[in-house]
1. So in the stretch 389-418, with the set limited to residues that are touching a Ser or Thr at 6+ places or on another chain (Cβ under 6 Å) and open to solvent by less than 40 Å² (accessible area, probe 1.4 Å), which one is farthest from Asn303 (Cα to Cα)?
2. Scan the stretch 7-14 and tell me whether some residue there is of a type in the set (Ser, Thr, Tyr) and not in a helix (DSSP H, G or I).
3. Please determine, by comparing only the residues of the stretch 431-459 that are assigned to a loop (DSSP other than H, G, I, E, B) and surrounded by 21 or more Cβ atoms within 10 Å (Cβ to Cβ), which one is modelled with the highest pLDDT.
4. In the stretch 333-365, how many residues are within 21 Å of the chain's Cα centre (by Cα) and without any contact (Cβ under 8 Å) to a residue 60 or more places away in the chain?
5. Which residue out of Phe98, Phe87, Phe110 is at pLDDT 90 or above and open to solvent by 40 Å² or more (accessible area, probe 1.4 Å)?
6. Criterion first (within 21 Å of Arg422 (Cα to Cα) and either buried (at least 19 other Cβ atoms within 10 Å of the Cβ) or not charged (D, E, K, R) (or both)) does His332 satisfy it?
7. Every residue in the stretch 59-73 that is farther than 19 Å from Ala46 by Cβ and surrounded by 11 or more Cβ atoms within 10 Å (Cβ to Cβ), please.
8. Do any strands (runs of 3 or more DSSP E) entirely within the stretch 315-421 hold 1 or more residues that are among the aromatic types (Phe, Trp, Tyr), and if so, which?
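The values are calculated or read from the model by the stated rules, or taken from the named source; none is laboratory data. All figures in this text were calculated on a predicted structure; none of them were measured in a lab. Every residue, glycine among them, receives a Cβ derived from its backbone with ideal geometry; neighbour counts consider all protein chains shown. Ligands, DNA and RNA are excluded from the accessible area calculation, which covers all protein heavy atoms including side chains. Shrake-Rupley method; radii C 1.70, N 1.55, O 1.52, S 1.80 Å.
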Amino acid sequence: MSANMVALAYLIASVFFILALKGLSSPESARRGNVFGMLGMLIAVATTMTLTENWMLIIGCIATGAVIGTIIAKRVQMTAMPELVAFMHSLVGLAAVFIAIAAVNNPVSFGLPAVLPAGSKLELFLGTFIGAMTWSGSVIAFLKLSGRMGGTPIIFSGQHMLNLLLAIVMVGFGLWFFFSETTNWTAFIMMTAIAFLLGFLIIIPIGGADMPVVISMLNSYSGWAAAGIGFSLGNPMLIIAGSLVGSSGAILSYIMCKAMNRPFLSVILGGFGSDGGAAVVDDGTQKTYRSGSADDAAFLMGNADSVVIIPGYGLAVARAQHAVKELAEILHEKGVTVRFAIHPVAGRMPGHMNVLLAEAEIPYEQVFEMEEINSDFSNTDVVLVLGANDVVNPAANVPGSPIYGMPILEAHKARTVMVVKRSMGVGYAGLDNDLFYMDKTMMIFGDAKKVVENMVKTI
């Protein structure tokens, strides 16, 4: 294939990638967006294979990866989707590091001069350290999201100063590698090793409440790593695809931070989010709350005109999305208007709740984002909160609260609020929820799926 044809094919693939991002901006067009993305990747891979004679080896590697990916995809539960995404990000970063190592070891095979020029060294430096930090950071995110590591921030004295010192040393080794007349493996290896360590240290102080931002941030890092390697190899497809992923991930990180009213820098510096604890006020006295049963909740919803359901991570853990769909259908048959309210950072990754509701085939027209539905809560008869905590906490309206100013779903404005939780434990932000103690609120304790199934039977 001629150089012009290769450039044209890569351009077409890039257009498909852009259309994929466009499609993923809405639930109604998400399936079409995925198809565009797959077509773009098919064109990109097929074009790349025409540039090498070792296409059988490439096909073998692709087939191996496809088999492993298919097995994992079939086995993974929807509740494990956040950690799966983090794991995939780690592989992208590691791939960038391996490509950089191969390019440094044998630049001629990548179409580069035997002695790497300064520009290629700089690009390999950027791609390598971003890729290494993406890998190690994503590993920590995976461990935290999967429960193999506590969600509490790991903070120690002098942590930020240590990170800064390591970053300076890493850049120093990078400059040594850059200015060396020959391939300086010592500088390259040390630079890469410090980057791996930095990835761990940057993510460990970030708590569970900030995991949605972490995932989108690591997604951005993986894209920039691919783009950096693309510049080194002179591959326009890697540059374009990596830039698209990097920029979209950065924009999503900004949206997530805005949804929590937190500066991006404060997320990176960590220290927000902790494990649950007892629900007590500052002076240690126990608060009072009103509790009820699934039968009580079923009676209230069955006699309401409008119901809003707010899903949270508790719904994901209980795998209650299908039971919730059945509940919504029964209420609809009784003439009750049922809608779902989604907070941007509900769950453990961006769009987590949207994915779960889509899996249960809940109609898109019943699902509303926070900005669309907040003004309707004051006219809503019943709000059913399923495992959500921080995203409905009225403490966000109290000056001095750690989450003050965070946009929330204003469930507390509804006439009646019912909250399904396993216990009175706090959420990832480590804060008690004032909503639970309001006179209009009824707490229903238990597994979300079992509780909703009991509601269905009663109605």
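1. Selected residue: Ala395.
2. Within the stretch 7-14, none of the residues are of a type in the set (Ser, Thr, Tyr) and not in a helix (DSSP H, G or I).
3. Asn433
4. Count: 7.
5. It is Phe98.
6. no
7. Matches in the stretch 59-73: Ile72 only.
8. 337-342, 367-369
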